[in-house]
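Asks: I have a structure I would like to understand better, so I am pasting it below and will then ask my questions one at a time.
The values are calculated or read from the model by the stated rules, or taken from the named source; none is laboratory data. Because the structure is a prediction, the values reported are computed rather than measured. When we count neighbours, we look across all protein chains shown, and the Cβ atoms used for this are built from the backbone with ideal geometry, even at glycine. The area values use the complete protein model at the heavy-atom level, side chains included, leaving out ligands, DNA and RNA. Shrake-Rupley method; radii C 1.70, N 1.55, O 1.52, S 1.80 Å.
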Amino acid sequence: MSNKSKTLFTKAKKLMPGGVNSPVRAFGAVGGTPRFVKRAKGTYLWDADGKRYFDFCGSWGPMILGHAYPKVVRAIQKQAAQGTSYGTSTENEIVLAELIQEAFPSMEKLRLVSSGTEAVMSAIRLARGFTKRSKILKCSGCYHGHGDSLLVKAGSGGATFGIPNSAGVPDELAQLTLTVPYNDLKALEQMLEKEGKEIAVFILEPVPANIGVLLPKHGYLEEVRQLTQKHGVLLLFDEVITGFRLAFGGAQASFNIKPDLTTLGKIIGGGLPIGVFGGRAEIMAHLAPDGAVYQAGTLSGNPLATAAGIATLRELKHPHFYQKLHQKSMSFFGELDTWIKKRGAPIQLNRIGSLFTIFFTESAVFDEASAKTANTQSYSQFFHHLLEADIYFAPSQFEANFVSQAMTAEQLRKIAAVILKILTRLLV
Ligand SMILES: *Cc1c(COP(=O)(O)O)cnc(C)c1O
């Protein structure tokens, strides 16, 4: 069983810290040998031993169409034959920017970068440059990439490994990052009353998905918009996961809230490295070369990434795309929900659209503290039982899982039955 993955992991550990290029891939949170993947198609991953898995990780979000989607593959192949990077402007950057703006009208101007981390770092610098304020405010448990200022109470990695802050981030810098619990308007109001005049921007995942999925309480996001406006604090929605996931226009369309700045990534590159930040034209005017806030990138707007992104977003634009995806997801979640309620099982299924987390806890999960009540040992057992049944979930309790368009209702019905069988065994 998974012999090749074992051999590869041993080899990789000699070359790369932890044997990986991104920490959570090492299975540290669930134990066991991480699978080395050789290929993927539609809903499936194949590991180095040729074993096939039904994939709910979806590369942590980007693969909303499923793996190796033919139109995306063709777009990448066609572009590769015409060159992979020019260091000049290209028409496809405009095409992608127009598609993004059509979905996110709040992004009056935008800039392409090469990762979600880079998008957030750049947007924060811009917010500071625009407001001439130094402090930033974030929610505990929200993840915004690994920029120094954002590695404070930053969700899954920290939650999983018990590292609240990263070593290497100077205290002097971390002190400029203030935090409030998600879904807590009182804490936000108090913070803004006290520190508002020094805070450049309040950054949050409108629907957090990096401590597992959390849902905003009724009216929370509306109130967040009003309070930030009142204090002259910019509002940045980090929609790197929720953008083009919850709806074509992301969480801001679903909840009808207009942030000042937005960051996107993951889906908009169709599986290639990309990020984008944008917002009010008045703010974006402060960005170089128009303004004094510097930001740049050798591979920004990369031709392969824009080609894959355009091909992906064009599919998502089809009428009923999200309706169909959400219908499938809802039936799947419905079967799990019914069982959980009937059994009175100590499980919370947090879900929205095609995004979900199964938390092993009795109490409702709506912020970092309540997420931490989850039993990570139960999750690890659940995860490994799923793996044995050829189902690949995120290798941590504190992550989101994704339903993709490639999954059929029939497949999801069968998977739901397998999941319930595993849960029954686990909970006796
Ligand atoms: C994944 C993620 C990021 C970081 O994006 P990378 O491409 O991994 O750098 C930032 N914010 C959120 C909300 C994310 O989910």
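Asks: Taking one equal scatterer on every alpha-carbon of the range 70-316, how large is log10 of I(q)/I(0) by Debye at q = 0.14 1/Å?
Replies: -0.89
Asks: From the mean inverse distance of alpha carbon pairs (Kirkwood) and the Cα radius of gyration, derive Rg over Rh for the chain.
Replies: 0.95
Asks: Could you tell me what a quarter of the Cα convex hull surface of the range 30-128 works out to, in nm² with one decimal place?
Replies: Average projection, Cα convex hull of the range 30-128: 9.9 nm².
Asks: Moving on. Less than 27 Å apart at the alpha-carbon level, and either on another chain or at least 8 residues along: which lysines does that give for K14?
Replies: K4, K6, K38, K51
Asks: Continuing with the same structure: Sort 58-66, 128-136 by packing, meaning the average of other beta carbons within 10 Å per residue, with the highest value first.
Replies: My ranking of the peptides, most packed first, is 58-66, 128-136.
Asks: On to the next question. Among the lysines, which fall within straight-line cross-link reach of K153, defined as a Cα-Cα distance under 26 Å, with same-chain neighbours fewer than 8 residues apart omitted?
Replies: K153 reaches K132, K135, K138, K186, K194, K197, K217, K230, K258, K266, K372.
Asks: Taking the Cα centre of the range 70-316 as origin, sum charge times position over the Cβ atoms of Lys and Arg (+1) and Asp and Glu (-1), and report the length of that vector in debye to the nearest 20.
Replies: Result for the range 70-316 is approximately 160 debye, rounded to the nearest 20.
Asks: Taking the Cα centre of the range 362-428 as origin and charging only Cβ (+1 Lys, Arg; -1 Asp, Glu), how large is the dipole, in debye to the nearest 20?
Replies: With only Lys, Arg, Asp and Glu charged at Cβ, the dipole is about 260 debye.
Asks: Can I ask one more? Sorted from largest down, what three extents in whole angstroms do the Cα atoms of the range 157-260 have along their principal axes?
Replies: Cα spread of the range 157-260 along its principal axes, largest to smallest: 38, 33, 21 Å.
Asks: Probe radius 1.4 Å, ligands and nucleic acids left out: which of I415, I352 has the largest accessible area, and how do the rest follow?
Replies: Order by accessible area, largest first: I352, I415.
Asks: Net charge around K4, counting only other residues with Cβ within less than 10 Å of its Cβ (Lys, Arg = +1; Asp, Glu = -1)?
Replies: In short, +2.
Asks: I'm checking a number: the convex hull volume of the Cα atoms of the range 247-384, normalised per residue, in Å³. What is it?
Replies: 183 Å³
Asks: What order, most packed first, do the peptides 175-183, 218-226 have when packing is the mean number of other Cβ atoms within 10 Å of each residue?
Replies: Top of the packing list down: 175-183, 218-226.
Asks: In the range 70-316, if the dipole is taken from +1 on Lys/Arg beta carbons and -1 on Asp/Glu beta carbons about the Cα centre, which of L313, L234, N302 is farthest to the positive end?
Replies: Among L313, L234, N302, the one farthest towards the positive end of the dipole of the range 70-316 is L313.
Asks: Quick one: accessible surface of D260, probe radius 1.4 Å, all protein chains present, in square angstrom to the nearest 10.
Replies: Accessible surface of D260 is approximately 10 Å².
Asks: Restricting attention to the chain, give the cysteines that have no other cysteine Cβ less than 4.7 angstrom from their Cβ.
Replies: C57
Asks: Between N165 and H218, what is the spin-label point distance in nm, taking each point 7 Å from the Cα along the Cα→C-beta axis?
Replies: Inter-label distance under the simple model: 3.9 nm.
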